[in-house]
Amino acid sequence: MPQSKEESHKKYFMQKEEDVLTEFKTSKKGLTSAEAKNRLESYGHNQLDEGKKKSLLSKFLDQFKDFMIIILLAAAVISYFTGDKVEAIMIIVVVMIMSVFGVIQEAKAEQAIEALKDMSTPHANAIRDGVTTMIKSTELVPGDIVQLEAGDVVPADLRLIQTASLKVEEAALTGESVPVEKHLDLLTDPETSLGDRKNMAYMNSNITYGRGIGVVVGTGMDTEVGQIASMLAQADETNTPLKENLNHLGKVLTIAILVICVVMFGVGMIRGNNTWVEMLLTSVSLAVAAIPEGLPAIVTIVLALGTQKMAKRNALVRKLPAVETLGSTEIICSDKTGTLTMNQMTVEQIFTNNQIQPASAAIDLTNMTLKIMNMCNDTKVGSEGQLIGDPTETALVQFGMDKQFNLQQVLKEEPRVEEIPFDSERKLMTTVHKLSTGQYLVAVKGAPDELLKRSTQFEVAGQVSEMDETERQLILDTNKQLATQALRVLAMAYKIVDKLPESISSETLEKDLVFSGLVGMIDPERKEAANAVKVAKEAGIRPIMITGDHRDTAEAIAVRLGILEKGHSESVITGAELNDLSDEAFAKKVSQYSVYARVSPEHKVRIVKAWQNEGKVVAMTGDGVNDAPALKTADIGIGMGITGTEVSKGASDMVLADDNFSTIIVAVEEGRKVFSNIQKTIQYLLAANLGEVLTLFIATLFGWDTLLPVHLLWINVVTDTFPAIALGLEPAEKNVMQQKPRGRSSNFLSGGVLSSIIYQGIVEAALTLGVYGFAIAYPVHNTYEAIHADALTMSFATLGLIQLLHAFNVKSVHQSIFKVGIFRNKTFNYAILLSFVLLAITIVIPGFNDLFQVAHLDGYQWGMVVIASIMMVVIVELVKWFQRKKYHYTN
C-alpha cells in the first residue's frame, strides 16, 4: 500500500505494471466488493477536503485587525468621551460599512476548492469482482481498476496498464496545449515532470482519443489535484501594496498624533491657564481632528469606481485592493497556453510541391496534401458547426474549411471503406477511400521520419517521381526547419491501388507510398499579445512566460511575442533544471530567466515567491487548475474568464472577461491612475487636517479663539467629502504608462507627497491665522464682540475656501494645474461648487449664522478671504515650479 503522499506523487511511473498491481494487492480483474468497502473505510472517499471554514463572526472580527481601522476606533472612543458624539457616530458608521464590505469580498473569494470538487466526474467504470461496473467516482479506492475511453474525465490518479491510441488532454493540469499520447513504457528519472509521465493519467484530465485501463494509485487529497487543493488551502494571503501603504500611513499618523498630544499638553501646562485635565482633553481633541476619518470610506469608493471602469474594459475585479495593486505591478508571470496563445492548434506552414508556404497562401483544392489531411482524419462536425475531436486533427479540418475544401462532399464521393487507427508505436494513421474509378485511395498521415521510411516516390505539381537521396534530404531539412520553429510537424502520403489486400494491416497498406507534403502546426500567439508585451516593457513591467510546454515551443513563442530576444536560450529554464537549484541559488539567478518550460504547480509558486523575495510586486495570470496556487500566492492573481477553469477564477483577484493579455495592460493603467488619485486624496485630506491642527495649536499658544468645534466639523463635512471623492475620478495623467512601476517600497507619502503635505498644511494655517490677525488689527466694527465675531467668521470662511481651492493644487503632485487641466474633471468642478455653496450658506443665509455662531461679512471682508484663499494656489504653484526646475519632476 502507498505509505505517503510524496510516494503517491513520485514513484508509480517508475514501477512496472505488475509491481504496482502487487503493491496494491489487486489484479486486472479488479478488487472484490468487500475489499473495496474495507479500503473505502480506510482511505476515505475520493473527494477533496473542504478545509476549515471561518464563521461569519470570525470573518467580521478579522476586519478589525487592520491598523487604520484600529486608529479610527480609538478616535471614535476619544471623540465620544470628549463630547463630540456626532464625530464618534460618523467614524463608527464608516468602520462598520468597511467591515461588512470586507466580509462580502472574502466570502466571494472562497470558491477555488469548491470549483476543484465540481470538476470531478460523477461516475467511473471500475472492474469489481471481475465485472465492469459503473460506480460513483467518490467510491473509488486505491487498487481499483478503471476503464477509460474518449470523452471520459479521469476520476482518480491512475498508473496505466493498458492503452489503445490513448490521448489525454492535460492542459488544465500541466499547461501543455496538445493532448499527450500515453504509453506503458517504464520511466526511470525520478524528476520526470508531470507532463512527461506518459504512463500515468491524472484526476480531472480529459480523454480525447482511444481507450485505456489503469490502476488507481491516488484518490481524493492524495492525487495531483488534491496536492493543488492543499497548496491553495495553505497559501498565505499576500498583503497587497494598498494594505501595506494604509498600515504605513496609520503608523505615521499615530506617531504624529502622539507628538501633537504631548506638545499641546506640555505647552498648556507651561502657560498655566488651564488644569491638567482640561489640557489633556484639549490636546486629545486636537489629535482626533488630525485623523482623516473619512479616508477608508473614500479609498473604498475610489477603488469601487475603478472596478466599474475596469469592468467596462473587460477586467472584472473580485477583490477591491487588486485595483491599486495592478498599478504597482513590476513582474507579470503569465501562463502561455490560453493566455498568450489561443489554446487552439492552428496550421501555420505547409510544405507541398517542394516549397514552404504560409497557411494564408492559396492552395489548389485538388492538392493531395490538403486532401489527405482532411480525409485521413476522425474529426466530427457538431450540430452547431463546431469541430469535435483531437485538437491536432481539428486544426487540419479547420484549415480545409478556411480554404473552402468541402470535406463532406468529398467523403460522399470518395467514402471511407477501411482504416488503420493511429497508435503511438508506429505513429501513423491510415484511411482507405473508394474512388469513382473503382480504385482505392490509401491516405496516410503521421510522423515525418516514420512516413518517409515507407515512401518510395514523391509528388510535385501532380507529377510523381521516384524518391532519391536529394529529395529525401530536402524533406528532412524542411522538417528540421519547421521543427526548430517549435511547429508540430505531420507528414502526408498516399497511394492509389486497383484492389485492396485480403488482410488490412500496416504491413500490407502502409508501404510504397507517394510522399505528398508536410504540415506545420502550433498553438499561435494572440494577435494583440505582442503589442501588449511591448507596452508592458515600456511601462517598466517585465513579462515572464511560464508553461508546461516543451522548451523549444516555449522559447519560439517567447521570441515571437518579444518576451525573449532571439538567441538568448540562457534565459530559458525547465522545471527539471529548476529542481536542481536550491532556493538560495535560484534567488541569485531569478532575474536571468524570462521563460520557464515544463513546469509544475510547485514551480509556479516558487517562481512567484522568488520574485516577491526580491521585493517585487508580482502578478500571475493563468487559466488552468495548475495555476491556482500561484494565482493565490501572487500579489495579484489574474484568471481567464472564457477558457479559465472555475478553480483558477476562484483563486484570482481579477478575471479577464475576454482572455486578452492586452486587457491586463489596460488594467495596469487604470491601477496606476487609482493609486495616483488615492495619493492625491490623501495629500489633500492630510494637508487640510494639518492646516486645521496647526491653526488651533498656534491660536492656543497665543490665547486666540479662532475656530469652534462646530466650524471644524462643518469644514470637514463640506471639504473632506465631495472634493476628496471627486479627486478619485481624475483622469490619468498623460505620461502614466511611461513611468517606472512604483514597486513595493513606495507608499502614499513618497514621491514628494509628505513634504508637500507638511508645507501646504503650514501655508493653510499661516493664511488662516493671517486673516484672523488682519481682522483683529483692522476691524470694521468698534465693539470687542463684533470684532471677534468678524475675525472668527473670516478665519472660518478662509480655512474652508483655502481647502476647496487647494483641491485644484493636488490634481498633480508636481505639475502645474494649468498643464493638467483645471476643468477637465466635470464631477470635480461640480463637487467644488456644491461644497462652496454649503460653506457659504452658513454665513450668508439668515438663521444659519446663529447655528454656526458666525457673522455676516461685507464685500471688503469677503475680498480679504478670497485673496488669502487664492494665495494658497499661487504659493503652491511657485513651489511646484521650483521643484520642477531643481529636481526635474515629470509627474
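Please treat every number below as a calculation from the coordinates, not as lab data. Note that this is a predicted model, so its numbers are computed, not measured. Cβ coordinates were reconstructed from backbone atoms using ideal geometry, including for glycine residues, and neighbour counts include every protein chain displayed.
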Original post:
Just one of [x] 43.7; [y] 39.6; [z] 46.5 is mean projected area of the Cα convex hull in nm² as worked out from the coordinates here. Which one is it?
Top reply: [z]
**OP:** Among ARG211, ARG454, rank each residue by its count of other Cβ atoms within 10 Å, from fewest to most, as a rough exposure measure.
**Re:** ARG211, ARG454
Original post:
When the helix-only estimate is applied to the chain (DSSP H runs of n ≥ 4, each -39,500 (n - 2.57), divided by the residue count), what is the mean residue ellipticity at 222 nm, nearest 500 deg cm²/dmol?
Top reply: -15500 deg cm²/dmol
Original post:
Could you put HIS814, HIS711 in order, starting from the residue whose Cβ has the fewest other Cβ atoms within 10 Å?
Top reply: HIS814, HIS711
Subject >> Given charges at Cβ of Lys, Arg, Asp, Glu: the chain dipole, positive-most of LEU857, PRO358, GLY389 >> reply: LEU857
Subject >> Partners for LYS886 among aspartates and glutamates (Cα-Cα distance below 19 Å; same-chain residues under 8 apart left out) >> reply: GLU877
Original post:
Does the range 346-522 classify as rounded, prolate or oblate by the C-alpha gyration tensor (a ≥ b ≥ c root eigenvalues; a/c under 1.5 gives rounded; else a/b over b/c gives prolate, otherwise oblate)?
Top reply: rounded
Subject >> Extension gain (nm, one decimal) between ALA587 and ALA483, 0.36 nm per residue minus Cα-Cα >> reply: 34.1 nm
Subject >> Residues in the range 178-218 that a label on ASN579 would reach, taking backbone N under 15 Å of a point 7 Å out along Cα→Cβ >> reply: 187-200
Original post:
Got the relative contact order for the chain handy, in percent, Cα pairs under 8 Å and 6 or more residues apart?
Top reply: 13
Subject >> Dipole axis of the chain (+1 Lys, Arg; -1 Asp, Glu on Cβ), positive-most option in LEU799, SER193, SER27 >> reply: LEU799
**OP:** Determine which lysines satisfy two conditions relative to LYS811: a Cα distance under 17 Å, and not lying fewer than 8 residues away in the same chain.
**Re:** LYS673, LYS680, LYS734, LYS819, LYS826, LYS880
Subject >> the range 655-708 - Kirkwood radius from inverse mean 1/r over Cα pairs (Å) >> reply: 14.5
**OP:** With 28 Å as the limit, write out which pairs from LYS537/LYS609; LYS380/LYS427; LYS182/LYS609; LYS319/LYS588 have Cα-Cα distances beyond it, or answer none.
**Re:** LYS182/LYS609; LYS319/LYS588
Original post:
Quick one: length gained pulling SER33 to LEU701 fully straight, 0.36 nm per residue minus the C-alpha distance?
Top reply: 231.5 nm
**OP:** Return the subset of LYS198/LYS336; LYS198/LYS403; LYS11/LYS445; LYS566/LYS604 for which the Cα-Cα distance in this structure is over 27 Å, preserving the input order.
**Re:** LYS198/LYS403; LYS11/LYS445
**OP:** Would you order LYS673, LYS309, LYS499 from fewest to most other beta-carbon atoms within 10 Å of each residue's own beta-carbon?
**Re:** LYS499, LYS309, LYS673
Original post:
Between TYR784 and SER816, how many nm apart are label points set 7 Å from Cα along the C-beta direction?
Top reply: 4.9
Subject >> Reach of LYS28 by Cα under 17 Å, taken over lysines that are not fewer than 8 positions away in the same chain >> reply: LYS16
Original post:
Using a Förster distance of 51 Å, how high is the FRET efficiency between LYS312 and GLU565, based on the Cβ-Cβ distance and rounded to 0.05?
Top reply: 0.90
**OP:** Report the label-to-label distance for TYR830 and LEU754 in nanometres (one decimal), using points 7 Å from each Cα along the Cα→Cβ vector.
**Re:** 3.8
Subject >> Rounded to 5, the percent of DSSP beta bridges in the chain classed as antiparallel >> reply: 75
